[in-house]
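Scroll down for the structure; my scribbles are underneath it.
The values are calculated or read from the model by the stated rules, or taken from the named source; none is laboratory data. In this text the structure is predicted, and so the values were computed from the model without any measurement. Neighbour counts are summed over all protein chains in view; Cβ atoms, including those assigned to glycine, are modelled from backbone coordinates with ideal geometry.
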Amino acid sequence: MDFTEGYPLSESWLQRLTILDWLYDQAEGKPMVDVRYGQLAEQEPSYGVETLAGYLTDFENRGWVRPLRVLGFSGTSCSLTQRGIDFIDELRSRRGDIVGRRRAARDAVLRWLYDSNARGDSHPIISWIHQTGYGYYYGLGFSQQEIEDATRWLAEKGFLRGQGSWGGGIPRPSITAAGEDVVESKRSVNDVSPSLPGDDVPSPSTVTNYNITGGNINIADHSPGAQQSISISTETRQQVLGVAQALDDARGILGLDSAQTQVAAQVSADLRAEASAPQPDRGRLRELLAKVSEVAVSGTGTAIGSAVVALAEQAIAAIG
């Protein structure tokens, strides 16, 4: 399993995470608490005794559970180690990251559509995604709303097409050539958005890209030196706009008071306006992104706030 993305998950890993969650709940989130896992075999006979025993042996090898205390399956007990507790705590933290889930759902839907198309199904029913590992994020299924939001977003950006349903997503989407390019390039669709409406982006044949101290700038060829236009790349511009959107999406769950909420809304609006300008001021963008980080951690929702801060820091690094 790729724990850096949280998907796609094989059936065996989905079962593993279900078992770990069960052990964690039985131990009330505490290490070194004996749990009789024979009860799980009785509650979930579909696992099978041998399969369950094999998973627990794997957990022991990974240092997540303590060695079995009693021989004989029916009476065997085990306990989670601190390492196992920390692992599950991290999983649950990522599952609860609203911003991370929204971004992951977009990539998961697009990659699932790519795989479906490669297998000959160019217009799969969107609910079928939950029959695959792409329908789960760190072992917790994406909600119907998250999948519908992802299809609408991908359609608006030109990465998939299909007829939308009233008040919902796209029931039978199909991937576009632009979507296939993103998947094949192994990039996140969140970092590869089409040009903004109204952007005057020169064609590749008339633009030379340079990297100066880590920041990308575009300089038009054949233009007078004193008149050359220096601006952030379209990709970086979209990354900054993504931070503004992330702050908007998370604003209601950051634990902000009314005054802080107003500040967050203003910072987001200012950031979006600056990033959408014909020639954004790089210094102003860095200043606004720093404000995003400040307001994101000013409330009680520190876990979600940290995710927004991470996005802001990535954008600052991209600006240079």
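Tabulated results
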| read-out | value |
| --- | --- |
| Among the residues listed as Glu28, Glu44, the single one being under 24 Å from Phe142 (Cβ atoms), surrounded by fewer than 16 Cβ atoms within 10 Å (Cβ to Cβ) and either without any contact (Cβ under 8 Å) to a residue 60 or more places away in the chain or aliphatic (A, V, I, L, M) (or both) | Glu44 |
| Val267 vs. criteria among the β-branched types (Val, Ile, Thr), buried (at least 18 other Cβ atoms within 10 Å of the Cβ), in a helix (DSSP H, G or I) and out of contact with any Lys or Arg (no Cβ under 6 Å at 6 or more places or on another chain) | no |
| Subset of segment 132-144 (residues that are modelled with pLDDT of 90 or more and either in a helix (DSSP H, G or I) or more than 15 Å from the chain's Cα centre (by Cα) (or both)) | Thr132, Gly133, Tyr134, Gly135 |
| Condition met for Leu23 (within 24 Å of Thr132 (Cα to Cα), surrounded by 13 or more Cβ atoms within 10 Å (Cβ to Cβ) and either at pLDDT 90 or above or not assigned by TED's automatic domain parsing to the domain that holds Gly141 (or both)) | no |
| Test set (1) surrounded by fewer than 19 Cβ atoms within 10 Å (Cβ to Cβ); (2) among the polar types (S, T, N, Q); (3) more than 22 Å from Thr234 (Cα to Cα) - Ser276 fails condition number | (3) |
| Residue within segment 182-195 that is farther than 30 Å from Asp121 by Cα and either modelled with pLDDT under 50 or not in a strand (DSSP E or B) (or both) present | no |
| One residue from Ala315, Ala265 being small (Gly, Ala, Ser), out of contact with any strand residue (DSSP E or B) (no Cβ under 6 Å at 6 or more places or on another chain), at pLDDT 85 or above and over 25 Å from Ser188 (Cα atoms) | Ala265 |
| Scope segment 115-126; condition surrounded by fewer than 20 Cβ atoms within 10 Å (Cβ to Cβ) and either touching a Cys at 6+ places or on another chain (Cβ under 8 Å) or small (Gly, Ala, Ser) (or both); matching residues | Ala118, Gly120, Ser122 |
| Pick from segment 83-114, criterion surrounded by fewer than 16 Cβ atoms within 10 Å (Cβ to Cβ) and acidic (Asp, Glu), ranking: farthest from Val189 (Cα to Cα) | Asp86 |
